[in-house]
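*Asks:* Please read through the structure below; I'll follow up with questions.
The values are calculated or read from the model by the stated rules, or taken from the named source; none is laboratory data. Quick caveat: nothing in here was measured; it's all calculated off a predicted structure. We place every Cβ from the backbone using ideal geometry, glycine too, and count neighbours over all the protein chains shown. Just the protein is used for accessible areas: all its heavy atoms, side chains included, with ligands, DNA and RNA removed. Shrake-Rupley method; radii C 1.70, N 1.55, O 1.52, S 1.80 Å.
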Amino acid sequence: MTSIKQQILSRSVAIYTDMLRFRRTIFRRRDRDSSVLILPPAAPGSLGDEALVTGAIEYLRDTGIKRIGVLSYDPKLQWKNLELVSGKSELHHHFLGGSLGSPKALFYFANAVYQYEQFYCIGADVMDGYYYEHDTLQRVKLVSIANAMGVDTAVLGFSFNSQPKPKSVEALNNLPETVRLCVRDPVSHKRLVHHLKRPVELVADLAFLLQPVEDSETVRHVLKWIDEQRTTNRIVLGINANYKLIENLEVKKIENLIQIYIDTIGKLYSKNKRLSFVLIPHDFRNIKGKNSDVVLAEAVWKTLPLELQSYCLKVPTPCSAAEIKGIAGNLDMVLSGRMHLASQPRSGYSRCLHHLSR
């Protein structure tokens, strides 16, 4: 997009935002003080992201927020297709009108956020520009629009890598101090404090708020199998096969990655015959043609020697993040390629959403 087009777009968004802000002031909804709009870090498919979104919604519902909105990026992959939470709160869904990076997404967003009193962008691992810098900058624009409209705004529970994109740093640094930046780990907090000349808060990850589910058909099936293993004094180890390890392990084919998991399970079993294994998919997406965790788990199970197959169970899919948390809490250990699977306690609230009640 040329500079002239960018200027025209920027001015058009500003005018539209001013118009909606005026309308918001004149026609103020009575329930707006108990309303929140949430921007997820990505489209559905990652159970880690689902844990963040669901944990936040559950917390907001339990603290008395009556109206909650969730934004979707893709008409084919919308959060409304998931049963995120049950309860008395109204749960509304808003579509950004196209991909996150499209210019019209700014207008769709402005039209949605003006209806709410609070806006929370769940930052996760997408605020440093590592994956798609343009999408990071677009998220910051959405945050700016919400803040300019008088909406209480924050970027929640995100991490920051050691080499953030300069434009992402600049964009975050230019946000007004009325926008709260809430970082989910001490390392990221230290990095942001170094890069930014504005307040940054250290909080915990939103996923800790997610309540585990143990009474669904899927979880009951897995827990029954785990109990059967324990009756013979076996140790149950959860394993998450993750395609992203192809880059880290410098293997060229998916078959090589599968074999690495097979060899790892075999070596663990040879050292301790009391081990049993639960294969846990944690991301259902096929990103850029790469295999999802579901495909990898199935391939690993099928390739295992028969002796090991009898001590191995693959978690049935589809399943929810809350169900995986219910399963993970009953395992002895977890070998994971996904942060959220490895870091979920069974119960207890963190202070990651502490600011919501202020």
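*Asks:* Mind listing just one residue for me: the one in segment 228-273 that is in contact with a strand residue (DSSP E or B) (Cβ under 9 Å, 6 or more places away or on another chain) and among the small types (Gly, Ala, Ser) and, of those, nearest to ALA328 (Cα to Cα)?
*Replies:* Ranking the qualifying residues of segment 228-273, first place goes to GLY238.
*Asks:* Oh, and also: The conditions are (1) modelled with pLDDT under 90; (2) in a helix (DSSP H, G or I); (3) touching an Asp or Glu at 6+ places or on another chain (Cβ under 8 Å), and GLY326 fails exactly one of them. Which is it?
*Replies:* All conditions pass for GLY326, except number (1).
*Asks:* Every residue in segment 118-162 that is touching a Phe, Trp or Tyr at 6+ places or on another chain (Cβ under 8 Å) and part of a loop (DSSP other than H, G, I, E, B), please.
*Replies:* Within segment 118-162, ASP125, VAL126, MET127, ASP128, MET149, VAL151, ASN161 qualify.
*Asks:* So how many residues does segment 86-117 have that are within 21 Å of the chain's Cα centre (by Cα) and in a strand (DSSP E or B)?
*Replies:* 5
*Asks:* Which pairs turn up if I take residues in segment 39-66 that are assigned to a loop (DSSP other than H, G, I, E, B) and look for partners that are open to solvent by 10 Å² or more (accessible area, probe 1.4 Å) and among the small types (Gly, Ala, Ser) with beta carbon separation below 7 Å, at least 6 apart in sequence or on another chain?
*Replies:* Correct list of pairs: THR63/SER357; GLY64/SER34; ILE65/SER34; ILE65/SER89; LYS66/SER34; LYS66/SER89.
*Asks:* Also, I was wondering about something else. Filter segment 198-234 down to residues that are free of Cβ contacts under 8 Å to residues at least 40 places away in the same chain and touching a helix residue (DSSP H, G or I) at 6+ places or on another chain (Cβ under 6 Å) and give me whichever is surrounded by the fewest Cβ atoms within 10 Å (Cβ to Cβ).
*Replies:* LEU202
*Asks:* If I ask for residues that are surrounded by 12 or more Cβ atoms within 10 Å (Cβ to Cβ) and free of Cβ contacts under 8 Å to residues at least 24 places away in the same chain, which ones from segment 235-263 would you list? Break it down stepwise before answering.
*Replies:* Just the residues of segment 235-263 that are surrounded by 12 or more Cβ atoms within 10 Å (Cβ to Cβ), to begin with: 235-246, 251, 254, 256-262.
Within segment 235-263, VAL251, ASN256, ILE260 meet the criteria.
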